[in-house]
């Protein structure tokens, strides 16, 4: 018993030491001295001065505070974690209004993040923040036009605060969003479908899986006809995979052997599809790094389970914000 307590105490001490070391290893937060904190020197001096004047005047006239922060690196933190620490430290926005906005650019790691105070979450929801980073800022950064990218991103933030809507997303952006939804929907079928079949039976579980895919497709902005088609395919795949619906003929008969081969080939084809989607996840990404890692692990688990013919475990995927 004493040895168990000693082991538990050792584990706790190791955890505390690791947490302390990680906390001491995070990047420091610079002191806020201007609306444009270009600590990574990503802006030209003239553009930095102009943007400082613009954001200072904007805060004086409208109240909301917009700050641009560039840093060389934020490792080992994520952009969300570092931005949260910055927002807590700088207290951006008016007191009791919390209408501050932080545009973060990480130079060496090529990452960006847009942190919005609670008072502006209605004007700048997460989907708009993502579009500002991907549709407005990223194309300029890819062309090496950092000054213009930050200027246009700030302009869109000001318009959203004023109540204006973002322009319609480009077709390329829509295509990326649609493609990024495929891994999530496939995981929903493979993992959620197996769970629902185990809880409600094959028929009801397959129907519920199709309904979930329909709702998810609508959330991702797919056309209704495409959502209905995806729901039908999800329903059929959920009903077929992992079942013995096509096995018949008794032991050793030719029909039984052919049916087993069909099921085996279905599993192989499904595994190939999962492998392709896995490559899409790795190459294109589906959002945050944490979500990408979780989706990759779940896709690999699904592919392995399909090949072996074993049931998938019950699990859920939670997006880390």
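The values are calculated or read from the model by the stated rules, or taken from the named source; none is laboratory data. Here the structure is a predicted model, which means the values were calculated and not measured. So basically every Cβ, Gly included, is an ideal-geometry build from the backbone, and we count neighbours across all protein chains shown.
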Open item on the list: residue 105 - would you say it is at pLDDT 95 or above, surrounded by 15 or more Cβ atoms within 10 Å (Cβ to Cβ) and at negative phi?
Closed with: yes
Open item on the list: Cβ-Cβ distance below 7 Å, separation of 6 or more or different chains: which pairs start in region 52-81 with a residue that is outside the structural domain of residue 112 (by TED's automatic domain parsing) and at pLDDT 95 or above and end on one that is assigned to a helix (DSSP H, G or I) and surrounded by fewer than 21 Cβ atoms within 10 Å (Cβ to Cβ)?
Closed with: none
TODO: Tell me which residues, restricted to region 102-125, are over 19 Å from residue 74 (Cβ atoms) and in contact (Cβ under 8 Å) with a residue 24 or more places away in the chain.
DONE: 117, 119, 120, 123, 124
TODO: Please work out which residue is nearest to residue 109 (Cα to Cα), limiting yourself to region 32-46 and to residues that are in contact (Cβ under 8 Å) with a residue 40 or more places away in the chain and buried (at least 17 other Cβ atoms within 10 Å of the Cβ).
DONE: 42
Task: Pair list, Cβ < 6 Å and 6+ apart or interchain, from region 141-154 residues that are more than 17 Å from residue 111 (Cβ to Cβ) to residues that are assigned to a helix (DSSP H, G or I) - done: 147/47; 148/140; 152/136
